[in-house]
Amino acid sequence: MIVKPNPQNSKMSAKVPLVELKGVKKSFGSNVILDGVDLKLYEGESIAIIGPSGTGKSTFLRIISGLLAPDAGEVLINGKPLQDIGGTGEVHIGMVFQQAALFDSLTVAENVGFSLFEHSRLPRKQILDMVKQKLQAVGLADISDRFPSQLSGGMRKRVSFARAILEDTAIQSSVHKILLYDEPTAGLDPVASTVIEDLIRSLKTEQDVCDSYIVVTHQESTIRRTSDRLIMLYNGHVQWQGQVTEIDRSDDPFVRQFFSGSTTGPIQVVGKEV
């Protein structure tokens, strides 16, 4: 296993990471997906997780979000075990799923506001006003009454973004906010992908919707346009990590093969994505 140390951020090393994975392991039956993975995400960072299909990238996000428990290792959020932060109001984690995961029978507004409709005591009108603001933030004003079947793929993706960034008004502005994106540009044409990539950046750098984010992707434009740091997963381990600006001059065989698309090299074809 070759892990390139992150040369930057001696300053960051003194800070508490927003997200830290220590020796995380996960298997499904006899299939080992993650085999002792370490990661640190600091406030203000944008990280891309890459690797061939089947290397556990989506599993990685589900563990961070608390949707899936690791078999071993620790997941720390703002320095505390993940299981201890629920309801503390310290960190808000939003998840954007690969297939948007919208309810076909609900309107856009009902999809975006679903969590608040179900779990908060806020008046319906207030929730709908909040939904409208978030839809405007993702460039989708005036579509609240449409159904998912009436939307393009790129629009459905943006609706899922609006849902991920919708927060209960009880959440304070000082709370650390993390967004996790699972293949946000998968299946989109280049123009629609650019819209999504610009939105991912904008939500952090311009709209201040999140402090940091992690994006899982195969798409080179998404890697280069949304992320500052890159982590490559393969065979259950972090095989390489570094700045996105280092990609073109890296001589790491995993990096070279991944970005060239060559069938020759250390990366072998594996099963379906997990």
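The values are calculated or read from the model by the stated rules, or taken from the named source; none is laboratory data. Keep in mind that this is a model prediction, so the values were computed, not measured. Glycine gets a Cβ as well: all are built from the backbone with ideal geometry, and neighbour counts include every protein chain shown.
Given the condition part of a helix (DSSP H, G or I), within 30 Å of Lys15 (Cα to Cα) and within 20 Å of the chain's Cα centre (by Cα), answer yes or no: does some residue in region 66-85 qualify?
Yes: region 66-85 contains one or more residues that are part of a helix (DSSP H, G or I), within 30 Å of Lys15 (Cα to Cα) and within 20 Å of the chain's Cα centre (by Cα).
Can you list residue pairs whose Cβ atoms sit under 7 Å apart, with the first residue in region 119-132 being of a type in the set (Val, Ile, Thr) and the second being part of a loop (DSSP other than H, G, I, E, B) and at pLDDT below 90? Count only pairs 6 or more apart in sequence or on different chains.
Matching pairs, first to second residue: Val131/Leu166.
Does Val175 fit the bill of being farther than 16 Å from Phe97 by Cα and touching a residue at least 60 places away in the same chain (Cβ under 8 Å)?
So Val175 passes the test.
Select, from Leu203, Leu179, Leu188, the only residue that is closer than 21 Å to Pro52 by Cβ and among the aliphatic types (A, V, I, L, M).
Exactly one residue qualifies, and that residue is Leu188.
Let me confirm something: among Glu118, Glu90, which residue is of a type in the set (D, E, K, R), more than 22 Å from the chain's Cα centre (by Cα) and under 26 Å from Ile64 (Cα atoms)? Can you show your working first?
Details: Glu90 fails: more than 22 Å from the chain's Cα centre (by Cα).
Exactly one of Glu118, Glu90 is of a type in the set (D, E, K, R), more than 22 Å from the chain's Cα centre (by Cα) and under 26 Å from Ile64 (Cα atoms), namely Glu118.
Cβ-Cβ distance below 8 Å, separation of 6 or more or different chains: which pairs start in region 98-109 with a residue that is at positive phi and end on one that is hydrophobic (A, V, I, L, M, F, W, C)?
Ala100/Val159
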